[in-house]
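This report refers to the structure that appears directly beneath it.
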Amino acid sequence: MFSLTWGSVSGWWLPAGLLLGLAYAWLMYRKPVDLNKNLRYILAAIRAVTVFFITVLLISPLVKSVKYEPQKPLVLIAQDNSSSINTFKPANFNPSAFIDDLAKLKQELGDKYDVQEFNFDKDLHPGFSKSFGGKQTDIAGALHQLNDRFINQNIGALILATDGLYNQGNDPQYEARNIKTSIYTVALGDTTAKRDLLIGNVNYNKTAFLGNDFVIEVLATAYQSKGENMAISVTEDGKQVYTQSIPVTGADFKKIVPIKLNAAKKGLRKYNISIAPVKNELSIQNNTETIYVEVLDAKQKVLLLYNGPHPDLTVIKQAIETNKNFEVKASSLADAATIKPGDYSLVILYQISAGEYAPIKNFIAKSKTPVWYIVGSQSNLQAVNSEQNTIRISAGRAETQEVMPLPVNDFTAFTLSDSARRKIAVFPPLVAPFGSYGTGTGTSVLLKQKIGAVVTTYPLLAFGDEAGRRVAVLAGEGIWRWQLSEFQNYGNRNATDELLSQTVQYLTANANRQRFRVYPARNVFDEGENVILNAELYNDALELINTPDVKIELKSATGKNYSFLFTRTGQSYQLGAGSLPVGEYTYNASTQNGKQEFKASGQFTIKPLNLETRQSAANHTLLSALSKQSGGQMIKPSQISQLADLIRKNENIKTVVYEDKHYNDLIDMKWLFVLILLLLSTEWFLRKREGEV
């Protein structure tokens, strides 16, 4: 549909233009000429229309075009593809046949509905699946991805086929509130608890210190097993180190069992916790859990120096000490006389320079101890610039501005988790010196500055390697805001702790530097997780290089070998080995720089995920709540044939017609110029033919 609309010019100019065209034609053809009467009328009409069109172009109205697009209601079907669906199914339930019945819904609804099919475990995938192999379940994550993908579209209904059990993500009820549509849940699984013994959860510290005792807490759970005895045992690298028998006193029995162990050997220790199965038990997959504890020889000490009190200091200390391998000594310059710098693996200078305390300046100058500068409103920028080349700050006056952190995607020195990167990107701003920022040669930037809505190239947190010493610079104060904001929004401070802890681990990694280092991103990877290994090679001047190739051989405990070639990233190397089978792996890496050959070795472990076997009773209460709060309904798998009728009868599920309006200047319509040219050409041709031209 098309129509003319008027802007600042009155629409009354349109009839005025028509009168102008008629007047022009009358003046031109009013006197008798050598033309017959009918031809004069035709030529006058052509001239009048042409002048009218030219007048309309001069008036320049807008042409409004309206297009109506109907959109059929979307029916989204999300099928739970986690292993619990197949493991704890009722006796009369056939998962494969259920998927076939669910697929028929698309035909039953017909062309009036746009049906989209998905399956999910820890992530959302297109189409249905009969594998039921997902090791984790994130219902809230699936709902969030569906909402993001189809936002502002005509979602008529969401069909969620699941047992209501999830072991990743948030409570689905909170995420479901963001989806403005009816949710129909298909209640899979069985709510009746079967006879089963299982390990519900294990709480433990991932690190312990050599010779010390440490405690792990095991949630021992038993269903329909009253009168039995749970025999719990723990083995360390295959050797039994603990055993206990616990009587089961109820049909729904749960007990937290504290187990004290001793860290007698240094390194990564493997502990298997198991409950002996009983007769007629539903599943024995959930009777065993494997944990890994790294036994450390001694703590590394970190010196945190400052000039005056600041809330950032407490946040930094707490975050670093979440890693039990580190101990932080926080001291003001006024109390620093008793400090022995040689006892520390890292020096953090908070809004001060090394030159403000002579013993620290001399110690740093004579050693390769890494230094982390944290710059703020009280910093002497000239002194900080003179002591390091990682970040250069040019400031004409002592002013500050608020800058927000933005993670850099191509940073490869160490890896932050995806959740930490997402949280950091929305952290509140730090207070940074106002000025221009630059970086030295070989600087790696982890966070850059975002000022208001403008993404700059200025570094906020960067790392450098200066003559064999690792240096970090954070160009802002106010870390306490990050911790407070994260705890307020997420109920934890994991991202803040991870960022600060990873920074310290990276800086201290080369306290006793080797020329060639190969190390995994973590000592323990989850099943199905991408295994990442890093490598660093230094020349004779202890400069980081990545010119030669680096080869690595992985060997599993079963004897299978995997060969890889590292990829160059920045000035170092990184390898993404993909997901490997569960088990323990050793690796041997080699490279050659000139005539010098270098080798490195180590180990890592891929642990199995048993999250799906920790709960056997389906949570239909959750599914019922999801349906009720959205105006939908919960049904059983045997009622799947009723879904099509329920959707058709829902008056809120209907086709929506979207009105799409466009406005264009009339002068932009090329066909009008063509029409005017044709009219003038026709008039000229007729006059020429009659000898009037």
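The values are calculated or read from the model by the stated rules, or taken from the named source; none is laboratory data. All values derive from a computational prediction rather than experimental measurement. With ideal geometry, Cβ positions are generated from the backbone for all residues, glycine too; neighbour counts draw on all protein chains shown.
Close Cβ contacts (under 7 Å, 6 or more residues apart or on different chains) running from residues in the stretch 89-101 that are on the phi < 0 side of the Ramachandran plot to residues that are β-branched (Val, Ile, Thr) and in a helix (DSSP H, G or I) comprise Pro95/Ile85; Asp101/Ile640.
Give the number of residues within the stretch 265-285 that are free of Cβ contacts under 8 Å to residues at least 24 places away in the same chain and exposed (fewer than 15 other Cβ atoms within 10 Å of the Cβ). Give the derivation first.
Within the stretch 265-285, the subset free of Cβ contacts under 8 Å to residues at least 24 places away in the same chain is 279, 284.
If we keep only those that are exposed (fewer than 15 other Cβ atoms within 10 Å of the Cβ) as well, we get 279.
Final tally of qualifying residues: 1.
In the stretch 416-454, the qualifying residues are those that are out of contact with any strand residue (DSSP E or B) (no Cβ under 6 Å at 6 or more places or on another chain) and of a type in the set (Val, Ile, Thr), and the one that is nearest to Gln488 (Cα to Cα) is Val426.
Applying the criterion of being touching a Leu at 6+ places or on another chain (Cβ under 8 Å) and among the polar types (S, T, N, Q) to the residues of the stretch 293-327, the residue that is modelled with the highest pLDDT is Asn307.
For the stretch 575-693, please list each of the helices (runs of 4 or more DSSP H) lying entirely inside it that holds at least 2 residues being not assigned by TED's automatic domain parsing to the domain that holds Gly169.
On the way: elements: 620-630, 643-649, 670-689.
Helices (runs of 4 or more DSSP H) meeting the threshold: 670-689.
So which residues in the stretch 395-412 are in contact with a helix residue (DSSP H, G or I) (Cβ under 8 Å, 6 or more places away or on another chain) and more than 16 Å from Pro429 (Cα to Cα)? If the condition is that a residue be in contact with a helix residue (DSSP H, G or I) (Cβ under 8 Å, 6 or more places away or on another chain) and more than 16 Å from Pro429 (Cα to Cα), then Ala395 is the only one that fits. Selection over the stretch 220-232 of residues that are of a type outside the set (Asp, Glu) and surrounded by 16 or more Cβ atoms within 10 Å (Cβ to Cβ) gives a count of 8. For the criterion of being surrounded by 13 or more Cβ atoms within 10 Å (Cβ to Cβ), in the same structural domain as Ser182 (by TED's automatic domain parsing) and under 60 Å from the mean Cα position of the chain (by Cα), Ile99 passes.
Per the listing Gly583, Gly578, Gly631, Gly602, the residue uniquely at pLDDT 85 or above and either under 30 Å from Leu158 (Cα atoms) or over 36 Å from the mean Cα position of the chain (by Cα) (or both) is Gly631. If you go through the stretch 112-127 one residue at a time, do you hit one that is at positive phi, surrounded by fewer than 18 Cβ atoms within 10 Å (Cβ to Cβ), out of contact with any Pro (no Cβ under 8 Å at 6 or more places or on another chain) and not in a strand (DSSP E or B)? Yes, some residue in the stretch 112-127 is at positive phi, surrounded by fewer than 18 Cβ atoms within 10 Å (Cβ to Cβ), out of contact with any Pro (no Cβ under 8 Å at 6 or more places or on another chain) and not in a strand (DSSP E or B). Any idea how many residues of the stretch 552-567 are surrounded by fewer than 15 Cβ atoms within 10 Å (Cβ to Cβ) and farther than 16 Å from Val524 by Cα? Residues in the stretch 552-567 being surrounded by fewer than 15 Cβ atoms within 10 Å (Cβ to Cβ) and farther than 16 Å from Val524 by Cα: 8 in total. For the stretch 148-170, a tally of residues being part of a loop (DSSP other than H, G, I, E, B) and either over 20 Å from Ser83 (Cα atoms) or in the same structural domain as Lys226 (by TED's automatic domain parsing) (or both) returns 5.
Screening the stretch 653-693 for residues that are over 20 Å from Lys64 (Cβ atoms) and polar (S, T, N, Q) and picking the one that is surrounded by the fewest Cβ atoms within 10 Å (Cβ to Cβ) gives Ser681.
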